[in-house]
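The values are calculated or read from the model by the stated rules, or taken from the named source; none is laboratory data. Everything numeric here is computed off the predicted structure, so don't read it as measured data. All Cβ positions, even for glycine, are placed from backbone atoms using ideal geometry, and neighbour counts span all protein chains on display. The accessibility values were calculated without ligands, DNA or RNA, using every heavy atom of the protein model including side chains. Shrake-Rupley method; radii C 1.70, N 1.55, O 1.52, S 1.80 Å.
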Amino acid sequence: GLAREASEPRLGAELERLASAVRGSLLGLRSLLVEIYPPQLDAEGLGAALQDLVAPARQAGIDVELQVEGAERLSDHTTALIWRTAQECVRNAVRHAEPSRLQVSVAVTERPPRASLSVADDGRGFEILGIVPRGEEDEQGRPCGESVSALQRTGHHRPAEWFSGARSHNAEGL
């Protein structure tokens, strides 16, 4: 390495330390870029990107079930949206729910044109106590736009789901 090439031992040690710091920074930058938009999303598709996303959960001992059907028919925009939504849901489940099972499902249908994502786990969850309709105020008098007004921790929860329906996309544009 660099230490052997340096004539002075202290200089060699300092060069090795700096080279190690640069390698660590590059690794961190690559990891961040993959988190934002993984390269395999375009190259290998949504299924491969989701496999990589759930890999840390599997390594942590969580039983993961992943199903992806019809994702090759999705537009790049919808694929990225599903990816980012799944990323947030999976991370939240692993980080906060302490699950033993995690299910991630993506399904795309042509008639009616629809893409759906479901992320479910058996960990700790919350129950939505109420939804404040758009234009109304919550308990603190803040204006709301159809937002959750209260959460309560429970032992059970519903899966996080995302849908893209026929109103906003046609079959070719999902």
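What to note about this one:
- Summarising the label geometry, the points placed 7 Å from Cα in the beta-carbon direction at GLU16 and ALA43 lie 3.2 nm from one another.
- Under a 5 Å amide H cut-off, with hydrogens placed 1.01 Å from N, GLN103 pairs with GLU65, ALA120, ASP121 among residues at least 5 apart or on other chains.
- Packing here is the average count of other Cβ atoms within 10 Å per residue, and on that basis the peptides 56-69, 82-95, highest first, run 82-95, 56-69.
- Sequence-distant residues sharing a close amide H with ARG114 (under 5 Å, placed H): THR109
- Sequence of ARG17, ARG73, ARG124 when ordered by accessible area, the most exposed leading, probe 1.4 angstrom: ARG17, ARG124, ARG73
- Potential lengthening between THR85 and SER100 on full extension [0.36 nm per residue; Cα-Cα distance subtracted]: 3.3 nm
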